[in-house]
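To start, the structure itself, in structure tokens.
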Amino acid sequence: MRLTGEAKLLRIFVGERDKVAHQPLYEVLVHRAKAAGLAGTTVLRGVEGFGAESIIHKAKLLELSEDLPFVIEIVDSEEKITAFLKTVDELFEAANCGGLVTLERVEIVKYTHSKK
């Protein structure tokens, strides 16, 4: 797959506890993005954050973290990202969770696979 030029960045903010059928929502999103043929997905685990409920979630040195923020980033063509938004809505509904979804215009400078 080759991507260059203008594209869209879909950024999805969820909590660590958000689940769909006992599977973490962020994992389900990654697998659905792959199945949809999107160019790639990255999941970032936050060390601290808060959302609409204003509860701060924080990774603590001596305690297990609880419900840390996760950010899923997906970059692809506007058409593919727009089509995937329906899946995102369905998964948020299935997880019965809150979250944030943003969409940005980006320019792809380089997108390649390894030469191995």
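The values are calculated or read from the model by the stated rules, or taken from the named source; none is laboratory data. Keep in mind it's a predicted model, so treat the numbers as computed, not measured. Cβ atoms come from the backbone with ideal geometry, glycine included; neighbour counts cover every protein chain shown.
Observations on the model:
- Test for Ala7: is it more than 15 Å from the chain's Cα centre (by Cα) and buried (at least 19 other Cβ atoms within 10 Å of the Cβ): yes
- Within segment 92-102, the residues that satisfy the criterion of being within 19 Å of Thr42 (Cα to Cα), touching an Asp or Glu at 6+ places or on another chain (Cβ under 9 Å) and modelled with pLDDT of 95 or more are Phe92, Val101.
- Looking across segment 76-110, just one residue is in contact with a Gly (Cβ under 8 Å, 6 or more places away or on another chain) and of a type in the set (Phe, Trp, Tyr), and that is Phe92.
- Residues in segment 12-32 that are surrounded by fewer than 16 Cβ atoms within 10 Å (Cβ to Cβ) and of a type outside the set (A, V, I, L, M) were compared, and the one that is farthest from the chain's Cα centre (by Cα) is His22.
- Members of segment 1-35 that are in contact with a Leu (Cβ under 8 Å, 6 or more places away or on another chain) and without any contact (Cβ under 8 Å) to a residue 60 or more places away in the chain: Glu16, Arg32
- Given (1) at pLDDT below 95; (2) surrounded by fewer than 16 Cβ atoms within 10 Å (Cβ to Cβ); (3) more than 12 Å from the chain's Cα centre (by Cα), index of the condition Gly49 fails: (2)
- With a requirement of 2 or more residues that are free of Cβ contacts under 8 Å to residues at least 40 places away in the same chain, the strands (runs of 3 or more DSSP E) lying completely within segment 36-111 that satisfy it span 41-45.
- Unique match (being under 25 Å from Thr112 (Cα atoms) and surrounded by 16 or more Cβ atoms within 10 Å (Cβ to Cβ)) among Ala35, Ala39: Ala39
- Residue that is modelled with the lowest pLDDT, among those in segment 56-89 that are loosely packed, with under 11 Cβ neighbours inside 10 Å and more than 24 Å from Lys8 (Cα to Cα): Leu62
- Segment 1-29, residues that are more than 10 Å from Ile72 (Cα to Cα) and of a type in the set (Asp, Glu): Glu6, Glu16, Asp18
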